[in-house]
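Everything below concerns the one structure shown next.
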Amino acid sequence: MLALPMAALFLLSFWTQSGFELDRTPTLANYAELVRPSAEPTVWFGIPFHLAYPVPAILMVKSLVMSLMATLAVIALAYPMAYFLAFRVHRHKALWIILITVPFWTSYLLRVFAWKVVLGFNGAINSGLKTLGIIDEPLEFLLYNPGAVVITLAHSWVAFAILPIYVSLEKIDRSLLEAASDLGDSRWQRFRRVTLPLSAPGTVAAALLVFIPTVGDYVTPTLVGGPGGTMIGNLVQDLFLKQNNAPLGAAVAITMMGIIAVLVALFLWAIGYARIRSRRL
């Protein structure tokens, strides 16, 4: 059920479309369009893109950066919560896990709308600051920018990261921590030498679980991102539904998937290589 739609999308990327006419003759024209050079570069945040159609490349880089920021924020939030649940909660752990999943009792769309209400011009933050007399006019930078997208993505995906990290921490043999303590390690040294390395598989799994789907998210950028928070998923949606160019949209999607696959493979290789070197040392 997963392979068939992917195969259809891959096949579609080799077709071309003109108006309402779909030409099924295999061609690399769509991929060539994505890499067609241009003499005049398009500069985005100091990065020159020598492409005639630079929008996909810019949005790919932008999406990767925003997704990485959201992933780092999620891990920074999820790890302490998972640690507390694994090492500090001794009773009713099932109840705590249920409470963590409470945000999932509502739809993803409603959670995004909730942040739109919080960050909006007349939202909770601006209204609170105006009531306290800290500001006279609403803060416009809170909404419709990449920062709002990162915040919303982090909140929406943090529960997904807590559970794998918690499972990894829960499986740690407590006798190893006791042995480290008996050998004179401080609390920080025990965490750095024992807890953190042994919880790395769960942390890596959580990071990948968040990073991969957030790169292609288009709902959150649409609702809270505005023009400045547009991501690659919005371009794919636009090519399929508005510009009536599904083959080019498929080519963009396949290219992005290939880039993500390469980055994930390099990331896993780097972790494996670092683990092998640490064992040798």
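The table below gives the values:
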read-out	value
Residue satisfying all of: in the stretch 224-258; in contact with a Leu (Cβ under 8 Å, 6 or more places away or on another chain) and under 24 Å from Ile151 (Cα atoms); surrounded by the most Cβ atoms within 10 Å (Cβ to Cβ) among these	Ile232
Residue list for the stretch 13-41, filter: within 26 Å of the chain's Cα centre (by Cα) and not aromatic (Phe, Trp, Tyr)	Ser13, Leu34, Val35
Qualifying residue in the stretch 115-125 (condition: loosely packed, with under 13 Cβ neighbours inside 10 Å and among the polar types (S, T, N, Q))	yes
Residue tally, condition more than 17 Å from Met69 (Cβ to Cβ) and at pLDDT 90 or above, over the stretch 145-172	11
Any chance Ser199 is crowded, with 16+ Cβ neighbours inside 10 Å, among the small types (Gly, Ala, Ser) and over 24 Å from Tyr108 (Cβ atoms)	yes
Flag if Asp217 is crowded, with 18+ Cβ neighbours inside 10 Å, assigned to a loop (DSSP other than H, G, I, E, B) and of a type outside the set (Lys, Arg)	yes
Count of the stretch 32-82 residues which are under 20 Å from Ala205 (Cα atoms), surrounded by fewer than 20 Cβ atoms within 10 Å (Cβ to Cβ) and among the small types (Gly, Ala, Ser)	2
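Conditions tested, residue by residue: (1) in contact with a Leu (Cβ under 6 Å, 6 or more places away or on another chain); (2) modelled with pLDDT of 90 or more; (3) in a loop (DSSP other than H, G, I, E, B).
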residue	(1), (2), (3)
Leu68	no, yes, no
Leu72	no, yes, no
Ala78	no, yes, no
Met81	no, yes, no
Ala86	yes, yes, no
His90	no, no, yes
Phe104	no, no, no
Leu110	no, no, no
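The values are calculated or read from the model by the stated rules, or taken from the named source; none is laboratory data. Everything quoted here is computed from the prediction, not taken from an experiment. For neighbour counting, all protein chains shown are included, and Cβ atoms are generated from backbone atoms with ideal geometry for every residue, glycine included.
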